[in-house]
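Notes follow once the structure below has been shown.
Each value in this text was obtained by applying a stated rule to the coordinates, not by laboratory testing. Not measured: the values here are computed from a predicted model. Positions of Cβ are generated from backbone atoms using ideal geometry, with glycine treated the same way; all protein chains shown enter the neighbour counts.
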Amino acid sequence: MLEVNDIHTGYGPVKVLYGASLNAQSSEILCLLGRNGAGKTTMLKAIMGLLPVMSGSVTLQGQELHRLPAHHVPRHGIGYIPQGRRLFRELTVDENIEIGLMARKQSRDTRDWVLDLFPRLRERLDQQAGTLSGGEQQMLATARALCLRPKVLLLDEPTEGLQPSMIEQIRQVIVKMRDEGFAIILVEQRVDAVLSIADRVTFIENGRDVRTTDAATLKQDTSIIARHLGV
Amino acid sequence: MEFGPHLMLASLEGAVIASILVLTAMGLSIVFGVMRVVNVAHGEFFMLGAVLAWYVSTALGGHPAIGFAVALIVAPLAVGLVAAVSDQLILKRINYDPDRTIVGTIGMLFIIQQTTLMTFGPEARPVEAPFNQRLALPWFEFSEGGLQMIWPWGLSITSYKLFVIFAALTVLVALWLFLTRTKIGLIMRATQQDSETAKAFGVPVGTVYSCVFGLGAALAALGAVLVVPIQQAHYLMGADPLLMAFTVVIIGGLGSLPGTVIAAFLIGMSDGIISVFFSPTLAQIIATFLVAMILVFRPQGLMGKAET
């Protein structure tokens, strides 16, 4: 569905990705694993068009995305949950959701669907996003991305700094979205969390993808993980 | 005149100054808040508004109210358009880099100023007020017969100055409604908070920036159209409003709109009152001193939030 093919990108003169590829299918959770600074977040930003792709391509169902201006990318159905949540902190919960809805001109139905997924947010519609608890902020960031009714969902360390009950809730939503047919790309640091949720895993090392395996294989042979992430 | 009526007169003058100032400073504050651009050319957009008002009202002739009413609409629109185009031509090309935008807007300042000098000329030209009746104001005084209303000689305001105060208030309310109640306002506020994330949610940040830059300039121009029947249009008239607007925005907190309103009121009123009782120079000294004190003790401004 979403294919990233041999992309080179970086921040200004600093190159981060040197020919990285991945391939996400619908109804599947693809996890990106790699050491700090390997280029996982950069990969997601490049998909969103937030970084210039110098060579290679990003295609969604055959359509090229990497030539589009950044604000056209989400309109093709990619929901992005950035690292650190990046909410519009001084806007209310309702306004944050409204921004998500506007991106693909979604109706009230989508709003209700999203609020049914996260009933906690419905109670806090008029509260400033920055004053929510960490878990609620993550819910809002997820809700905002789901407001696009995306085909592909990019999650960058969604469980970072959350308490276990919240992590479980976020995990359930991710699994639910997978079962509804979304293609999900998940960046996650904790290996146990990855193994319990992922269908496939792509290892990123020094700006390249070095290996893609089924999660089932990894569970049987954890030495692969040690080889790529080992400290 | 006794002290009481005199103070009232000075306060009214101050309110007029504050009204113009709040519009100009608001423009500067919005541009900085959303785009993080310190617009040094802001005063020239103010001047351009005044000059265009003169052109429009002279070209139309007839009753001064007609020319003024048309100028009130045409001048801000035209200046906003000029600003939006220069954003696309200059600021966008230098990627809104904080240092280079300052140099870029200084360049815009000179281009606009000198173009006006070459076309409009060095003269100061008046625009006739649409209406200008003198309204005598009452004052209350205790005497043997209890509270008495008197009409001190010289205590008056022109209807036009009252109109300026109300017009500025109306624009402020409209601006607030625009920013908080409309979709475009919401998009602007989201862009202000986090432009990269806004992009990831389909916000055309480049277009938003051009609109915001245009809106900021249009607010300055609107203030200028309102002021031009009181003060004449001149190609160098932009310097003072720029300085005052910066004073207000620093005191209020860069990018904070409520802070800007409060500071504009403070500075405008103190400018009016101190100018009447002492001297305009003292008013400026005090305003500048206030800026210095704010920068020392509360660098984020009255209502600004400290960087975290």
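Specify the angular offset, from 0 to 90 degrees and rounded to the nearest 10, of the alpha carbon long axis of helix B:159-181 from the longest principal axis of the alpha carbons in chain B.
Around 30 degrees separate the two axes.
Taking the DSSP beta bridges in segment A:134-226 as the whole, what percent of them are antiparallel, to the nearest 5? Write out the running numbers ahead of the final one.
On the way: 6 of 11 bridges.
Percent antiparallel among DSSP bridges in segment A:134-226 is about 55.
Would you mind calculating the gained length between A:GLN189 and A:ALA216 on full extension (0.36 nm times residue separation, minus the Cα-Cα distance), in nm to one decimal? Can you show the working numbers first?
Numbers: separation 27, 0.36 × 27 = 9.72 nm, distance 1.82 nm.
Separation in residues times 0.36 nm, less the Cα-Cα distance, equals 7.9 nm.
Which Cα, out of B:TYR160, B:PHE213, B:VAL228, lies furthest along the positive dipole direction of segment B:131-232 (beta carbon charges, K/R +1, D/E -1)?
My answer, from the dipole projection, is B:PHE213.
Of the chymotrypsin sites (Phe, Trp or Tyr not before Pro) in segment B:110-141, which ones lie in a loop per DSSP and count no more than 16 other C-beta atoms within 10 Å? Before the final figure, lay out the partial values.
Values: sites: B:PHE110, B:PHE120, B:PHE131, B:TRP139, B:PHE140; in loops: B:PHE120, B:PHE131.
Passing sites in segment B:110-141 are B:PHE131.
Excluding B:SER210 itself, what net charge comes from residues whose Cβ is under 9 Å from its Cβ, given Lys and Arg +1 and Asp and Glu -1?
Details: positive: B:LYS92; negative: B:ASP87.
Net charge in that neighbourhood comes out at 0.
With a sphere of radius 15 Å drawn around the Cβ of A:THR202, what net charge do the other residues whose Cβ falls strictly inside it have (Lys, Arg +1; Asp, Glu -1)?
Working: positive: A:ARG35, A:LYS40, A:ARG200, A:ARG208, A:ARG211, A:ARG227; negative: A:GLU3, A:ASP6, A:GLU28, A:ASP156, A:GLU188, A:ASP199, A:GLU205, A:ASP209, A:ASP214.
With Lys, Arg at +1 and Asp, Glu at -1, the neighbours total -3.
Which log10 I(q)/I(0) values, to two decimals, does segment B:205-268 give at q = 0.13 Å⁻¹ under the Debye formula with one point per Cα?
The Debye formula, applied to the Cα set alone, gives -0.43.
Considering only the protein assembly as shown, what is the antiparallel percent among its DSSP beta bridges, to the nearest 5?
Details: 32 of 50 bridges.
Among the beta bridges of the protein assembly as shown, antiparallel pairing accounts for roughly 65 percent.
Using the Cα centre of segment B:1-149 as the reference point, and only Cβ charges (+1 on K/R, -1 on D/E), how large is the resulting charge dipole? Debye, rounded to the nearest 20. Intermediate results must be reported in sequence, preceding the final value.
Working: 6 positive and 10 negative charges, 136 e Å.
For this selection, approximately 660 debye.
When only Cα pairs under 8 Å and 6 or more residues apart are kept, what is the percent relative contact order across chain A?
Values: 456 pairs, mean separation 67.9, N = 231.
RCO, chain A: 29 percent.
Under 18 Å Cα-Cα from B:LYS92, which aspartates and glutamates qualify once same-chain neighbours fewer than 8 residues away are excluded?
Hits, sequence-local ones excluded: B:ASP194, B:GLU196.
Of A:LEU218, A:LEU121, A:LEU65, which has the largest mean-square fluctuation in a 10 Å C-alpha GNM of chain A?
A:LEU218
Just name one of B:ALA239, B:LEU266, B:ALA59: the one whose Cα is farthest towards the positive end of the charge dipole of chain B (beta-carbon charges, Lys/Arg +1, Asp/Glu -1).
Checking the options against the dipole of chain B, the answer is B:ALA59.
Would you look at the GNM of chain A, springs on alpha carbons closer than 10 Å, and say which of A:GLY130, A:GLY100, A:GLY12 moves the most?
A:GLY12
Explain nothing, just the number: dipole magnitude of the protein assembly as shown about its Cα centre with +1 on each Lys and Arg Cβ and -1 on each Asp and Glu Cβ, in debye rounded to the nearest 20.
Details: 41 positive and 42 negative charges, 211 e Å.
The calculated dipole for the protein assembly as shown is roughly 1020 debye.
Across 10 Å bins from the origin, how do the percents of Cα pairs in segment B:150-254 run, short distances first?
Computed distribution, short to long bins: 12, 31, 32, 17, 6, 2, 0.
In segment B:221-239, which residues have a backbone nitrogen under 14 Å from the label point lying 7 Å from B:ASN132's Cα in the Cα-to-Cβ direction?
Answer for this model: B:227-233.
Charges at C-beta only: +1 for Lys and Arg, -1 for Asp and Glu. How large is the resulting dipole of chain A about its Cα centre, in Debye rounded to 20?
Details: 28 positive and 27 negative charges, 81 e Å.
So the dipole magnitude of chain A works out to roughly 380 debye.
In nm, to one decimal, how far is the A:GLN127 label point from the B:ILE285 one, both placed 7 Å along Cα→Cβ?
5.3 nm
What Kirkwood Rh does segment A:90-151 have if only Cα atoms enter the pairwise 1/r average? Answer in Å.
11.2 Å
Per DSSP helix of 4 or more residues, -39500 (n - 2.57); summed, then divided by the residues of chain B. What does that give at 222 nm, rounded to the nearest 500?
On the way: 11 runs with 213 residues, N = 308.
It comes out at -23500 deg cm²/dmol, rounded to the nearest 500.
Against the 2.2 N^0.38 Å scaling, with N counting residues, where does the protein assembly as shown land? I'd like the Cα-based Rg ratio to two decimal places. Walk me through the numbers on the way to the answer.
Numbers: Rg = 29.0 Å, N = 539, 2.2 N^0.38 = 24.0 Å.
Rounded to two decimals, the normalised Rg is 1.21.
Report the Rg/Rh value for chain B, based on alpha-carbon coordinates and the Kirkwood definition of Rh.
On the way: Rg = 20.4 Å, Rh = 20.3 Å.
Dividing the radius of gyration by the Kirkwood radius yields 1.00.
Which entries in B:LYS183/B:LYS305; A:LYS15/A:LYS45; A:LYS45/B:LYS305; A:LYS40/B:LYS305 show an alpha-carbon gap greater than 21 Å?
B:LYS183/B:LYS305; A:LYS45/B:LYS305; A:LYS40/B:LYS305
Which residue, chosen from A:PRO13, A:MET48, A:GLN63, occupies the Cα position most advanced towards the positive end of the dipole of segment A:1-82, where the dipole is computed from +1 (Lys, Arg) and -1 (Asp, Glu) charges on Cβ about the Cα centre?
A:PRO13
Using just the helices of chain A, give the 222 nm mean residue ellipticity in deg cm²/dmol: DSSP H runs with n ≥ 4 each add -39,500 (n - 2.57), and the total is spread over all residues, rounded to 500. It would help to have the intermediate numbers written out before the result.
Numbers: 9 runs with 83 residues, N = 231.
About -10000 deg cm²/dmol.
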